[in-house]
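The values are calculated or read from the model by the stated rules, or taken from the named source; none is laboratory data. Values in this document were obtained by computation on a predicted structure and should not be read as measured data. Cβ placement follows ideal geometry from the backbone for every residue including glycine, while neighbour counts extend to all protein chains displayed.
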Amino acid sequence: MTRWAHVVTARPRWVLTIVVALAVLSGVWGIGVFDRLSQGGFTDPGGEASEVERLVGDSIPGDPDLVVIYSPIGKRLDDIGPQVAENFAQFSATVPVRAVTSYWTADPATAQALKSSDATMAIATITLASDSGYDETNFAELYPKLTVDGVDTQFAGAPVAGTAINERLKNDLVRSEAIALPITLALLIVIFAGVVAAAVPVVVGALAVFSALGTLRALTYVTDVSPFAINVTSLLGLGLAIDYGLFIVGRFREELESGAAPLDSVRTTVATAGRTVAFSALLLICAFAGMLVFPQAVVRSLGIGAIAAVAGAATVSLTAVPAVLAVLGTRINAWTWDRGAARRGEERARRFWGRVVAKVLSDPLQFAVAITIALLLMAVPLAGARLGEISDTALPEGDAARTAAQILAAEFPAVDDAGIVVLRTDDSTMPTPNQNAESIAALLRVPGVAQVRVLTTEPEFTTLQTTFAPAVDHESVATALRKIDPPTGTTMLVGGAAAQAEDGYAAIARWLPVMIAIMVCSTLVLLFLAFGSVVLPLKAVAMSGLSLAATFGFLTAVFQDGRGIALLGLEARPLEPTFVVLILAVVFGLSTDYEVFLLSRMAEARAAGADTEGAVRFGIERTARIVTAAALLLVVVTGAFTLSGIATMRFLGVGMIVALLLDATVVRMLLVPSLVQLMGDANWWAPDWLRRIHRRVGIGH
């Protein structure tokens, strides 16, 4: 960091020009990411349902890409048959189509399932050719081609919902940043009591967003990138860059006030606050690295995107910010109406938090027990948490794609999510008619299965299709299907959308302990290298775990159990597993990060000869304002997710707000000081052999 500080101060304008140019170019190129996003990547490639998909291949049409719901205006369904047929002919002539089935062209038995109970609506299902060139990014271009004059037309299907989600997320990103940036700028102006000093972190945050877009587009060439990754990566990068800018600009102004020359102030700032930012980024990257173990591409893309956001925010903060400070020098205080305001604010904060910590230290056991019990009580609902997939219900009420999906589920249940079952013999021969019949009978006995029919008979297996009854939980039925004992000498594999979702949940549950182990082990190692203690890292991890449990308990109570969810305008539903993993990684990393800021100042006081109580007081008084301010700024930025029209993004926004406020105040400012005081000298303990290792490879802080 010292060497880098000399590089920046020697050529600040060159450094600034290069960083800004690269960030802007990355952002301009990265705009193209919106045309390369995918709704896929939620499935487990090694799951049973994926095996079914590989076996059946193109031998069965599978779920249609597009379901068109036709409602004639002032006419009967049969009257519009010729118009619909002509429209389909024109459509098939311009768009590569694999299969089209409609009420007007199907056999009489099938046609009844494609007509509503009151005969006012009928549907057509369309499966596009694999080389059609249409996906969630351009699916909306197909809608006008399938619209018939004088007929109300609605569109349903997974790609339709994906298109609607993509468009809303794109608009949400623009709106969220348009709201978050002015608010954070206003807060920074209050914190710094100056416009120029406040503007630097915000501008750097914008550069971090540009950088993130370029990184995400690059990712689309090697893996599926979810549209959710755009918002998560951009806003996370923005929030962290602003936080890092706050630390660096704040320390630079302190150095200037102490009488140091501007360039010397920059060097000291990079060597101290810059080192803190680098260590913070490393902790967060280790937390997000745990997401890379999951088989689902969407989880990995969120993890890689988050790592890119952290790395980008830290890189820009350690290059552009010091360069700007070197160029501005004392002009960083320009447009400051009261240079003593920030200093007085810091003094007031130290007095306030000094009184708080004095109260905590007067009876640390009482505070530790009371807060721990309260957090554990918050965590109780977590015991009943359930997982559920993203679907059209993530869209707000009244959205055209969600309305069409609701009509499809209510009026045309035979089209809505059929399960695919593959029956194989142990000796790789064709199943016998008796084995097929026995399997069909067993499937029909499962509650929720309305119909079973043979789709194909291959030399090595038979493919069966199960139709689910209306208003049943498809995932529960898929689970029940997998519990069937197949006929002797055979194996039964269950696929389809519901089974894919079940495989996804199982993969999350299977790999989550591995992710947690990676996060915990890497954090323990880094914190030991920073502090040379065994106890402090263990305590930090335990506090992060307690904070997470309380946060997820709250989220379960609200979003799954529905307590107060009406205030958000949402419906109660199971927790979406991808965002559970994401919140886990983000909150664990940030909470450990805040712990580092706090403990580093305690360790500093301890090294200067203070006893445990003195070290606790010093640490809280010196870091409370900066930690709570950083958390507040991040709350504003990530809290913008709550403005989204997508339910899962609101889940993420509320989760971040609760976790940040809870962790940065109750846990770090009350619980941690009480525990450090109770443990006394044991906080700094490590066996002699580990102390020797720390002296050789410790990174300090």
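Structural remarks
- Exclusive hit being within 30 Å of A119 (Cβ to Cβ) and either charged (D, E, K, R) or modelled with pLDDT of 80 or more (or both), set D416, D338: D416
- For segment 549-591, a residue qualifies if it is touching a strand residue (DSSP E or B) at 6+ places or on another chain (Cβ under 8 Å) and of a type in the set (S, T, N, Q), and the qualifying residues are T556, Q560.
- With respect to being of a type in the set (G, A, S) and surrounded by 20 or more Cβ atoms within 10 Å (Cβ to Cβ), A607 falls outside the description.
- From the list V293, V316, V310, the one residue that fits, being of a type in the set (V, I, T), surrounded by 24 or more Cβ atoms within 10 Å (Cβ to Cβ) and either on the phi > 0 side of the Ramachandran plot or within 18 Å of the chain's Cα centre (by Cα) (or both), is V310.
- Qualifying residue in segment 598-608 (condition: touching a residue at least 12 places away in the same chain (Cβ under 8 Å) and within 24 Å of R650 (Cα to Cα)): no
- D392 being under 23 Å from V52 (Cβ atoms), in contact with an Asp or Glu (Cβ under 9 Å, 6 or more places away or on another chain) and modelled with pLDDT under 75: no
- When residues in segment 513-535 are screened for being of a type in the set (G, A, S), farther than 20 Å from W689 by Cα and crowded, with 17+ Cβ neighbours inside 10 Å, 0 of them pass.
- Residue count, segment 446-473 (criterion: over 22 Å from A113 (Cα atoms) and not acidic (D, E)): 4
- Taken over segment 606-630, residues that are modelled with pLDDT of 85 or more, more than 14 Å from A349 (Cα to Cα) and in a helix (DSSP H, G or I) amount to 5.
- Residue in segment 531-554 that is in contact with a Lys or Arg (Cβ under 8 Å, 6 or more places away or on another chain), in the same structural domain as S591 (by TED's automatic domain parsing), of a type in the set (F, W, Y) and under 30 Å from V654 (Cβ atoms) present: no
- Within the set V616, V658, the sole residue that is in the same structural domain as L584 (by TED's automatic domain parsing) and buried (at least 24 other Cβ atoms within 10 Å of the Cβ) turns out to be V616.
- Candidates T220, T269, filtered to the one that is out of contact with any strand residue (DSSP E or B) (no Cβ under 7 Å at 6 or more places or on another chain), at pLDDT 85 or above and polar (S, T, N, Q): T269
- Residue within segment 115-122 that is outside any loop (DSSP other than H, G, I, E, B) and of a type in the set (S, T, N, Q) present: no
- Criterion violated by A113 - all others in (1) of a type in the set (G, A, S); (2) modelled with pLDDT of 80 or more; (3) surrounded by fewer than 16 Cβ atoms within 10 Å (Cβ to Cβ) satisfied: (2)
- Annotation note: of I508, I440, I484, the sole residue that is β-branched (V, I, T), part of a helix (DSSP H, G or I) and over 27 Å from V587 (Cβ atoms) is I440.
- Hey, A682 in a helix (DSSP H, G or I), assigned by TED's automatic domain parsing to the domain that holds S544 and of a type in the set (A, V, I, L, M) or not: yes
- Test: residue in segment 148-159 that is touching a strand residue (DSSP E or B) at 6+ places or on another chain (Cβ under 8 Å), at pLDDT 80 or above and of a type in the set (S, T, Y): yes
- Set side by side, the residues P159, P144, P182 differ, and just one is farther than 30 Å from I242 by Cβ, free of Cβ contacts under 8 Å to residues at least 12 places away in the same chain and assigned to a helix (DSSP H, G or I), which is P144.
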